[in-house]
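FYI, it's all coordinate maths here, none of it is from the lab. In this text the structure is predicted, and so the values were computed from the model without any measurement. Glycine gets a Cβ as well: all are built from the backbone with ideal geometry, and neighbour counts include every protein chain shown.
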Amino acid sequence: MEDEMDSRLHYSLLRYDAMAGLVSWTDEADPGREERDRRAYDREYGLIRQNGQDYTCYGRVVRFLTEVCGHSFDESVDGLVEYVREQPTGGRRMDLDAGREAQQIRANGGNIIEALFSLKVGRLIDRDDDFALDYNWQVTRRLMGLRGRHRRRSARRLAPALPR
């Protein structure tokens with residue numbers, strides 16, 4: 001049963017990567033699924049754009065795995081961490097600046113909870129790399145301390161109508 005679950009989760013992770021345009025993969029049992037998924041889910045679950053580049057948001061991946069594919073939250077997080085840890089990695093970025101990165105995340109205007117959750121998953125992925133883990137915590141703490149843009153709504157719309 002566990003192997004069946006692992007293969008289902010691996011299939012769902014490939015499905016996400018194909019939907020997001022990260023890999024060229026076609027489900028032989030359901031040709032065209034990646035395009036249908038892209039049309040249906042890319043806006044809500046796809047990559048996020050920051051400073052002209054696309055990035056994977058681990059929060060969106062976990063949401064896709066749970067909300068679209070039906071996996072449990074725990075299974076999705078654990079599977080994503082294992083999946084990412086198995087991928088080949090490049091060298092370390094040289095332009096690290098935790099404050100700047102936190103400000104860019106905040107300025108992006110995306111979902112702050114999703115961003116903080118993505119950083120959390122990043123810490124799970126980097127748990128054996130003290131340098132990456134420390135940097136992730138620096139970005140997390142800076143991001144948590146930044147003020148967001150205040151969204152104002154008309155007071156008239158927020159207040160209930162009072163009887164006269």
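Points to keep in mind about this one:
- Packing around the peptides 128-135, 52-59, taken as the average count of other Cβ atoms within 10 Å per residue, puts them in this order, highest first: 52-59, 128-135.
- Model label zone, residue 146; criterion: amide N under 17 Å from point 7 Å along Cα-to-beta-carbon; scope segment 92-115: 95-115
- Residue 50 long-range amide H proximity, modeled H, under 5 Å: 55
- For the chain, with +1 on Lys and Arg beta carbons and -1 on Asp and Glu, the positive-most of 137, 62, 18 along the dipole: 137
- Values of log10 I(q)/I(0), in the order q = 0.17, 0.23, 0.24 Å⁻¹, for segment 1-90 under a Debye, Cα-only, solvent-free model: -0.72, -1.29, -1.37
- Residue-count net charge about residue 113 - beta-carbon cut-off 14 Å; Lys, Arg +1, Asp, Glu -1: +3
- Simple Cβ-charge dipole of the chain, Lys/Arg +1 and Asp/Glu -1, about Cα centre, in debye nearest 20: 2100 debye
- Cβ-derived FRET efficiency at R0 22 Å, residue 8 paired with residue 114, nearest 0.05: 0.35
- For the chain, taking Cα atoms only, Rg and Dmax work out to 18.9, 68 Å respectively.
- Secondary-structure-derived ellipticity at 222 nm for the chain, considering helices only, amounts to -18000 deg cm²/dmol, per-run term -39500 (n - 2.57) for DSSP H runs with n ≥ 4.
- Cα gyration tensor category, rounded, prolate or oblate, for segment 46-112 with a/c compared to 1.5: oblate
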